[in-house]
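Student: Encoded as structure tokens, here's the structure I'll be asking about.
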Amino acid sequence: MHELGVVFTVLDKIEEVGKENELTSVKTVVLEIGEVSAIIEDYLSDCWKWAAAKRELTKEAELKIETIPAVTYCEDCKNTYPTVEFGKTCPHCSSEHTYLLQGNEFKIKEIEAY
């Protein structure tokens with residue numbers, strides 16, 4: 001389960017931002033997670049609840065997750081399509097000359113604090 005390591009990394013970054021901005025408490029953290037990022041949201045949420053509660057700055061912080069849909073681009077027909085539904089093969093022209101445009105990201109989108 002790499003979700004715990006991800007949560008520790010996010011919490012470390014939040015503490016860094018907290019020190020830079022003299023924050024006393026974080027209310028909400030919004031993460032953007034790609035649909036094919038290999039992060040399991042339920043595991044991430046469980047790890048967040050446990051780890052965030054152990055740090056003074058984030059002990060009451062709520063985690064919100066926004067999913068970024070996976071989109072693939074076809075180099076042959078120049079179309080895009082939903083990755084999860086069709087995989088590597090383009091549904092428009094059956095080409096396999098494709099690559100992922102988005103959907104593998106993991107970003108801290110927003111930190112609401114006071």
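The values are calculated or read from the model by the stated rules, or taken from the named source; none is laboratory data. Here the structure is a predicted model, which is why all the values come from computation and not from measurement. For the accessible areas, the whole protein counts, side chains as well, though only heavy atoms, and no ligand, DNA or RNA atoms are used. Shrake-Rupley method; radii C 1.70, N 1.55, O 1.52, S 1.80 Å.
Student: Below 23 Å, Cα to Cα, which lysines can K13 reach? Residues fewer than 8 away in the same chain don't count.
Tutor: K27, K49, K54, K59, K64, K107, K109
Student: So between R55 and A38, what do we pick up on full extension, going 0.36 nm a residue minus the alpha carbon distance?
Tutor: Fully extending the segment from R55 to A38 adds 3.5 nm.
Student: Straight-line reach only, C-alpha to C-alpha below 21 angstrom: list the lysines that K78 could link to, leaving out same-chain residues fewer than 8 apart.
Tutor: Within the straight-line limit of under 21 Å, K78 reaches these lysines: K88.
Student: So, one more: Which value, in Å², gives the accessible area per residue of the chain when a 1.4 Å probe is used on the protein heavy atoms?
Tutor: Per residue, the chain has 61 Å² of solvent-accessible surface.
Student: OK, next. Over the heavy atoms of E41, what accessible area does a 1.4 Å probe trace out, to the nearest 10 Å²?
Tutor: Answer for E41: close to 70 Å² accessible.
Student: Then there's this: Counting only protein heavy atoms and a 1.4 Å probe, tell me what percentage of the chain's accessible area is made up of carbon and sulfur.
Tutor: Within the chain, the accessible surface is 49 percent carbon and sulfur.
Student: Expected output is a single nm value to one decimal: the length gained when fully extending between C93 and E15, i.e. 0.36 nm times separation in residues minus the C-alpha distance. What is it?
Tutor: 23.3 nm
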